[in-house]
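Step one of this worksheet: look at the structure below.
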Amino acid sequence: LTGGTINASAGVTTTNYLQSAGTWSQVAATLPSFSATDFRITGGTFVRALGGDGGSTTPYQLTDIYGVQGMGSALSSSNVLANDVDAAGTSSWNSDGAASPVYAGFSPVGNASTPFAGSLDGLGHTVSNLSINRPSTANVGLLGVTSATATIQNIGLLGGSVKGTGNVGALAGINSGSINHSHASGSVQSTSASAGGLVGYNAGSVSNSYATGNVTGGSNVTGAGFGGLVGTNTGQISGSYATGNVVGGNGGYMYFAGGGLVGYNTSGTVTNSYATGSVSNMGNAAAAGLVGYNGGTVSNSYSTGSAHSCSTASPCNGNGLIGYGNAAVNSFWDTTTSGLTASSSGTGLTSAQMMQLASYASW
């Protein structure tokens, strides 16, 4: 599609769908079928929904991954998921055209110059098997970059994989808005800077949310972090947790850290949250069960996983709760399950003590 407006009333099946301009609009209670092996939008507007007009009181009711991708052409729209969405087809999207093609997959919604400023409410539904393979692109996730006005809630990402070069998260690469009651279980990989199981870089708020997927990071990175939930945090995290493992690139890091929940808490707050995954292969960077570096505030939180740097420069250093930085308040780590007896701050408790209500009398 290179111009004009199309309101398709019949089903569409095509090998390649490329839209560079114009408007594709399908809004009906019963939608005709739509299937494209390789699907990409580089311009214009693409809307495919069961109802709504994208307004705050009448959001688009998205029913498939094509409609979800279309949010990128309506960055201030309000959207809800009308049902669970299978995104397995994204693994063949955005081919590089080579004889043995590499597929970049889903295109993150919003970027640094034009962030997503609308809303996405999953209404308890999920997006499964999302594929994003963009190892040379920063700010990668279902949502690439969100503005301060963006709200994301009640959505889950099941399985799938997300790969980028920095600020990589399953749900959002950079979040400046609010994320609430959301979760992700897929794998996240960054070839360079910050990566988190849910959000790569959080400058907004993340509450009542969790991530269970593993996070893998690159090497030789400056001023960033790898975390089970959030890579780098300058915002607020509350009532949230991570259970996935965090594995670094064992490189020469600078101003960098890895944590079971947050890698680099630059100036943010973390409260009423926890992590159970392990942190490993962090080279010369700090590694800790909860937060690698704390330049902000951590309170009423705990961790149970092991943490090890394991490099020749500082062999297998690890910290139970906090790697270095500001002291955590009313926070604990499990010395039994982590095998760690030291932390820059926090209180170490045995597994038996962690199970006693009296241990949390200060909360």
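The values are calculated or read from the model by the stated rules, or taken from the named source; none is laboratory data. Owing to the predicted nature of the structure, the values given are computational and were not obtained by experimental measurement. Every residue, glycine among them, receives a Cβ derived from its backbone with ideal geometry; neighbour counts consider all protein chains shown. Just so you know, the surface numbers come from the protein's heavy atoms only, side chains and all, with ligands and any DNA or RNA stripped out. Shrake-Rupley method; radii C 1.70, N 1.55, O 1.52, S 1.80 Å.
Points worth noting:
- Residues with amide H under 5 Å from that of ASN180, placed H, sequence gap 5 or more: ILE152, GLN153, ASN154, SER207
- Between THR149 and any residue 5 or more places off or on another chain, the built amide H atoms are never under 5 Å apart.
- Largest mean-square fluctuation among SER280, SER219, SER194, in a Gaussian network model of the chain whose springs join Cα atoms under 10 Å apart, belongs to SER219.
- Packing, taken as the mean count of other beta carbons within 10 Å per residue, orders the peptides 171-177, 210-216 from highest to lowest as 171-177, 210-216.
- The chain, dipole about Cα centre (Lys/Arg Cβ +1, Asp/Glu Cβ -1), debye to the nearest 20: 340 debye
- Selected from THR234, THR14, THR341 as most flexible by GNM, with the chain as the system and alpha-carbon contacts under 10 Å: THR14
- Cα gyration tensor shape for the stretch 258-363, rounded if a/c is under 1.5, else prolate or oblate: oblate
- Remark: the Cα gyration tensor places the stretch 165-235 in the oblate category, a/c being 1.5 or greater and a/b not exceeding b/c.
- Taken per residue, the accessible surface of the chain reaches 36 Å², heavy atoms only and a 1.4 Å probe.
- Taking all protein chains together and a 1.4 Å probe, the residues VAL270, VAL329 rank VAL329, VAL270 from largest to smallest accessible area.
- The modelled label-to-label distance for the pair ASN284/ALA148, using points 7 Å beyond Cα in the direction of Cβ, is 3.8 nm.
- Residue-count net charge about LEU62 - beta-carbon cut-off 15 Å; Lys, Arg +1, Asp, Glu -1: -4
- 3J(HN,Hα) along the stretch 58-67, derived from phi through the Karplus expression 6.51 cos²θ - 1.76 cosθ + 1.60 where θ = phi - 60°, amounts to 9, x, 4, 9, 7, 10, 8, 5, 5, x Hz, with x in place of Gly and Pro.
- The calculated FRET efficiency for the pair VAL102 and ASN272, based on their C-beta separation and a Förster distance of 30 Å, comes to about 0.10.
- Charge tally for HIS183 (other residues, Cβ to Cβ under 15 Å; Lys, Arg +1; Asp, Glu -1): -2.
- The chain, accessible surface, carbon-and-sulfur percent (1.4 angstrom probe): 51 percent
- Whether the stretch 28-143 is rounded, prolate or oblate, judged on the alpha carbon gyration tensor where a/c under 1.5 counts as rounded: prolate
- Rounded to the nearest 10 Å², the accessible area of ASP96 at probe 1.4 Å: 90 Å²
- Helix-only CD estimate at 222 nm, as mean residue ellipticity for the chain, using -39500 (n - 2.57) per DSSP H run (n ≥ 4): -500 deg cm²/dmol
- Ranked packing of 108-115, 301-308, 149-156, most packed first, by mean Cβ within 10 Å: 301-308, 149-156, 108-115
- Evaluating 6.51 cos²θ - 1.76 cosθ + 1.60 at θ = phi - 60° for every residue in the stretch 323-339, the Karplus couplings come out as x, 6, x, 5, 6, 7, 10, 6, 10, 9, 9, 8, 6, 6, 6, 7, x Hz, glycine and proline recorded as x.
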